[in-house]
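The values are calculated or read from the model by the stated rules, or taken from the named source; none is laboratory data. From a predicted model like this one, the values you see are computed outputs, not experimental measurements. Note that we place each Cβ from the backbone using ideal geometry, even for glycine, and neighbour counts take in every protein chain shown.
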Amino acid sequence: MRSVDVVIVGASLAAAAAAKRLVDAGLETVILEKQLLPRHKICSGILSPRGHRFLLENFGPLPRNVLHEPTSCRGVTFHFPSMVSMSMDFFGGTTPHLHRKHADHWVIEQSGAEVMDDTSFLAQRELDDHVVVTARKRGGEAFDLKARYLIGADGPVSPVLRSLYPDYHKQIPMFFVGQKFHEIIDCPLDEAYFHFWFHPDLGHYTWSHARDSRQIVGVGYKIGDKFHDRHLHVARYFEEKHGVRLKPADDDHEGCSENFGPSLINRYVFGKGRVLITGQATGFLNMIGEGMSCALHSGAIAGESVVDAMLRNRPVQDIYRQNIASEVRRTTDQWNPLKIAFARPHEADFPKALMEMPMGDRIKVMRDIWSFLKLYKEFRWGRQIMAISAQRLLHGDYSRKNWL
Amino acid sequence: MNLPVSETAAESSLPTDPVAADALIGVPRQQTNPSRWRGERWPEFVQAAELQGVEVRQRYADTGMYITDAGGLAHGMPHGVVVARSAGQIAALMKVAQQFAVPVTVRGGGLTTEGESVAFGGVLLDMTGMSRLLHVDKNALTVRTQAGIFWHHLAEVLRRDGLDYISAPLNLSSSVGGTLGVGGIDVNSSKHGCSADQAISLLVVTPTGEIVECSDDENHELFERIVLGYGQFGIIIEATLKIRRYTPLRMHYFYYASLKPCVEDLLMLDASQACDYTGILTMMDSAITLLVAFDSDAREAEFLRQVKPELRGHGELMFALRLAAKFSWRPWKWKEVLFLLRRKRELFPDLQPAHHMQEGRMLDRTVVFSRAVWKHWGNRHMVIPDLATNRDKFIEAVERGNAVCRKYFSCYTLYCVGIRLRDDHRAHYELSSIPADAEGWAYGCEFEPMYNGVEYSRDRLQSFKNEIYDIGVELETSYYRFGGMMKGYIRRALGNEVVEKHLQLKREADPAMILNRDVIF
């Protein structure tokens, strides 16, 4: 059986960030990826400024081929049912519009880790001082890798997480997000911005932006509804209310499951023993539904925690949970109403943009947000959010008791 | 949307980033965490080096001890370690390394905080193997020493003859060679300049393996590049330094409740040249200490008579009473008061230790300002971002940096000093932290978080550092610690023209770009 220092499952941004820290420190690191690289990835690709900075500092200047057209995004525009719209520029400047297929492949190559693609993670079992990871190359025999640590950076429906907590995904609400691509006839939406709708009739998460001369119409809702009906409803709304005239959607539509809830209620999962969970698998997702910057930072923290654990001969979970607390604060603060009102937890200034509007529009916006939030009533997050907000106010931090 | 074009990239050798010209405030498009060298032709290199008599240690036990530096944030494992023995051995190493394009990272005390002395693969050259003091000239007041010597060891040897170094970095377990490469700031730098200004001549091994003596008179261009050159243009093997006769210190402390008057008094004291030592040490921004000291009774008496009445600081008792009055009606600040009291209880005995004091004079600043006091700073991760400015921008830099500290940490301390500039050393300063617009003095402020038992991720600490350095970008000023993980800021601080000029010089001096790579360029 081959023996390595660390096995990472998944070849995403979180995996690359973790691998970068591990390889730099001289650790033998193997990445397992179930698809052949470069692989397609469903994503809006609009990275936040914090994530952009991380990419630059750790992987260098972005090559042109890792970006879609338009190459950059200035900020976000919120639209409300009362037909008020508000645009907010990112504090940190424009950010890249990543082509995830090539961007993920580029960072993985830059990390310097060994990649086994087309190879699926099957199982793991932890022994005294190592983890045995079972994997299989497509069409081949299953094989074992002996690793000192295993990092699961394998997305919202993480097989590594399932191997630790088989029932976890049944305990949290899962959403479906899907996007369709349309040839544009006429689109008045500013292509320099990411557009988001606070509209309860459109769904839990509705967005649109330009990509490679087409317009994306994206919808997100609780799993169970029909994607095509939802999408048609949103496209008609765009045309009626915003004058967005699009040709019928092309055939290359796509969708995936998302774990939307853990960041709101501080219910993250970080692993067990020598197995760490990182990236979106942990539940990190910021308020514009962007998980890439959290993935990069949490991945790096997982990597540095492993290095630290090996150097100091301490349990890796203790170190990881101490180190990840800052990322938890940053992400959960974005959903904390007290922080939103009195601090600036986001990378664009919502309170300032709101205060610049006429009083009448402000009232309409707040009323629309309230009716939008009622859409989430069934998940019973309200009290939990208020409880953790009070916890943050009184203790300066979020409790670690809810973490898995 | 049209593809934005980077204006700066058009003028510099940095690759073009298609996202935007200045997409992120304070960060030019540059990778700051270097990629590990992959080990191409490593076995052939080792064989060739050993044929030249250079021992390359490759066991994990030998390489593992160099995995990080004092910063504790960057981790990198060299492929092999060479312990410095002689100029000839290092010259042979550099020739072979050039031939096989193997990176060489030079390390003295390893007190860098940004991974500058961490080898991300390649060879780590440990200079502490060359740490002997070679000759003391008591008449000319100079010392010749090997560059791997630590400052506290140098001080111990000099004290046998009643001599002392002129200025050294606060932590004296840094090496002389490393200090001359980056600066070295002491509480008497406002009078004597930085430690690197004390170098008279150097024996250097160039990146291509030549052994060269250099000074202001001999190979002066190389001398200008080596001093404050971040180790880019050669390895310092031996150094001749100016020294002075030993004197005990007459110490005085003045206490302030806010930063601005204290900084203004520091600027006034330096301009008046009434003190031999000046500096500011703070506990948060609530208790600010202005330290002044003197080499002679006459200087002290003159200060007490003429300058002291102008200072706005208080003595310890008066300050304590004012602080008590200020905090008594702010119960939400009492936690901060507890920290101040604890800090005072722990720190003050070490600042004025009875066994190093006699009749109010500090007998051994070497011990007090390095070993005894240093234990109260830093943590597992040593994070000390800083700003270096001219006199006019200093107060704003300190106040804005202080606000960032408050935002990130519940406890922190600031350390401010002035650095006397020498007009004849302008060429030395070109690639250094000294701001180009500084006249007479430059001023530095270090922002040092105190963790108080809380563990912070590298990621969180990096955000803190970025925010401090972004202030420098906005104020168009400089930093003491650019290099390593913060090298992205050097172009902002010095401008493309200066960086490109030195990059061109570096390419000529080091064709394979192997010596201390990824630190600056």
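For this structure, a couple of remarks:
- Only residues that are within 8 Å of chain A (Cβ to nearest Cβ) and not small (Gly, Ala, Ser) were counted in the stretch B:463-494, giving 2.
- Considering only residues in the stretch B:103-115 that are away from chain A (no Cβ under 14 Å) and out of contact with any strand residue (DSSP E or B) (no Cβ under 6 Å at 6 or more places or on another chain), the one that is modelled with the highest pLDDT turns out to be B:Gly110.
- Breaking point among (1) free of Cβ contacts under 8 Å to residues at least 24 places away in the same chain; (2) part of a strand (DSSP E or B), for B:Tyr415: (1)
- Which numbered condition B:Leu421 fails, given (1) under 17 Å from the mean Cα position of the chain (by Cα); (2) of a type outside the set (D, E, K, R); (3) closer than 22 Å to B:Asp285 by Cα: (3)
- Considering B:Gly76, B:Gly88, B:Gly64, B:Gly39, the condition of being assigned to a helix (DSSP H, G or I) and within 14 Å of chain A (Cβ to nearest Cβ) is satisfied by B:Gly64 alone.
- Subset of the stretch B:143-167 (residues that are touching a residue at least 60 places away in the same chain (Cβ under 8 Å), assigned to a loop (DSSP other than H, G, I, E, B) and either under 18 Å from B:Val417 (Cβ atoms) or assigned by TED's automatic domain parsing to the domain that holds B:Tyr277 (or both)): B:Ile166
- Index of the failed condition, B:Leu317 passing every other in (1) surrounded by fewer than 18 Cβ atoms within 10 Å (Cβ to Cβ); (2) of a type in the set (A, V, I, L, M); (3) at pLDDT 90 or above: (3)
- In the stretch A:75-93, of all residues being surrounded by fewer than 19 Cβ atoms within 10 Å (Cβ to Cβ) and hydroxyl-bearing (Ser, Thr, Tyr), the one that is farthest from A:Gly45 (Cα to Cα) corresponds to A:Ser82.
- Residue within the stretch A:369-376 that is more than 18 Å from A:Val84 (Cα to Cα) and either surrounded by 17 or more Cβ atoms within 10 Å (Cβ to Cβ) or within 14 Å of chain B (Cβ to nearest Cβ) (or both) present: yes
- Some residue of the stretch B:278-296 being among the acidic types (Asp, Glu), in a loop (DSSP other than H, G, I, E, B) and not assigned by TED's automatic domain parsing to the domain that holds B:Lys138: yes
- Selection count where residues are surrounded by fewer than 17 Cβ atoms within 10 Å (Cβ to Cβ) and assigned to a strand (DSSP E or B), scope the stretch A:103-115: 1
- Any chance B:Gly229 is buried (at least 24 other Cβ atoms within 10 Å of the Cβ), under 21 Å from the mean Cα position of the chain (by Cα) and either of a type in the set (A, V, I, L, M, F, W, C) or farther than 30 Å from B:Ala274 by Cβ (or both): yes
- Restricting the stretch B:462-511 to residues that are touching a Ser or Thr at 6+ places or on another chain (Cβ under 9 Å) and part of a loop (DSSP other than H, G, I, E, B), the residue that is surrounded by the most Cβ atoms within 10 Å (Cβ to Cβ) is B:Phe482.
- Residue match in the stretch B:19-35 (condition: more than 7 Å from chain A (Cβ to nearest Cβ), over 20 Å from B:Gly108 (Cβ atoms) and at pLDDT 90 or above): no
- Among residues of the stretch A:217-227, those that are surrounded by fewer than 20 Cβ atoms within 10 Å (Cβ to Cβ) and either in a strand (DSSP E or B) or touching a helix residue (DSSP H, G or I) at 6+ places or on another chain (Cβ under 9 Å) (or both), counted: 4
Each row is one residue, and each column tells you yes or no for (1) modelled with pLDDT of 90 or more; (2) outside any strand (DSSP E or B); (3) more than 14 Å from chain B (Cβ to nearest Cβ); (4) farther than 17 Å from A:Gly155 by Cβ.
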{"residue": "A:Val6", "(1), (2), (3), (4)": "yes, no, no, yes"}
{"residue": "A:Ala18", "(1), (2), (3), (4)": "yes, yes, no, no"}
{"residue": "A:Gln35", "(1), (2), (3), (4)": "yes, yes, yes, no"}
{"residue": "A:His40", "(1), (2), (3), (4)": "no, yes, yes, no"}
{"residue": "A:Cys43", "(1), (2), (3), (4)": "no, yes, yes, no"}
{"residue": "A:Asn58", "(1), (2), (3), (4)": "no, yes, no, yes"}
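- Within the stretch A:318-357, if we keep just the residues that are within 11 Å of another protein chain (Cβ to nearest Cβ), crowded, with 18+ Cβ neighbours inside 10 Å and of a type in the set (A, V, I, L, M), the residue that is farthest from the chain's Cα centre (by Cα) turns out to be A:Ile319.
- Checking B:Gly162 against (1) crowded, with 18+ Cβ neighbours inside 10 Å; (2) of a type in the set (Gly, Ala, Ser); (3) on the phi > 0 side of the Ramachandran plot, the condition it does not meet: (1)
- The residues listed here are A:Arg138, A:Arg148; of these, the one that is closer than 30 Å to A:Leu27 by Cβ, surrounded by 15 or more Cβ atoms within 10 Å (Cβ to Cβ) and in contact with a strand residue (DSSP E or B) (Cβ under 8 Å, 6 or more places away or on another chain) is A:Arg148.
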